1. Whole number in Å², please: accessible area per residue of the chain, 1.4 Å probe, ligands, DNA and RNA not counted.
2. In units of 2.2 N^0.38 Å, what is the alpha-carbon radius of gyration of the chain?
3. Tell me the angle of helix 10-21 to the major Cα principal axis of the chain, expressed in degrees between 0 and 90 and rounded to the nearest ten.
4. Give me the percent of accessible area attributable to carbon and sulfur for the chain, probe 1.4 angstrom.
Amino acid sequence: IGIYDGCNGLELILMYAALIAFLPYPLKRKLLFISLGSFALIWVNVFRCVALQWIYVNHQSLFETTHHYLFTLVFYAFIFLGWYLFVQKKPSLS
């Protein structure tokens, strides 16, 4: 299986981490969410790659749709879920 650089998810993981890094929350909370969220997103991406390979082998007609729409939506949903969970606690302004 080959993964194009634009499809490896690294830019999206960086975007997830950068938004959290620049929000006014305690450093400990930021580091926790950045590390756990990045780890989770890496595993979501691994699952995505495995699932895409399986779809390509077994249901090739569905590959383009799942690659460009379904799994992209799933990946973005996980990013937004991480951001949502992060902002549930009010920031300390001190």
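1. 72
2. Normalised by 2.2 N^0.38 Å, the Cα Rg of the chain equals 1.27.
3. Computed tilt is about 10 degrees.
4. Of the solvent-accessible surface of the chain, carbon and sulfur hold 74 percent.
The values are calculated or read from the model by the stated rules, or taken from the named source; none is laboratory data. Because the structure is predicted, anything quoted here is derived from the model rather than measured. With ligands, DNA and RNA removed, areas are computed over all heavy atoms of the protein, side chains included. Shrake-Rupley method; radii C 1.70, N 1.55, O 1.52, S 1.80 Å.
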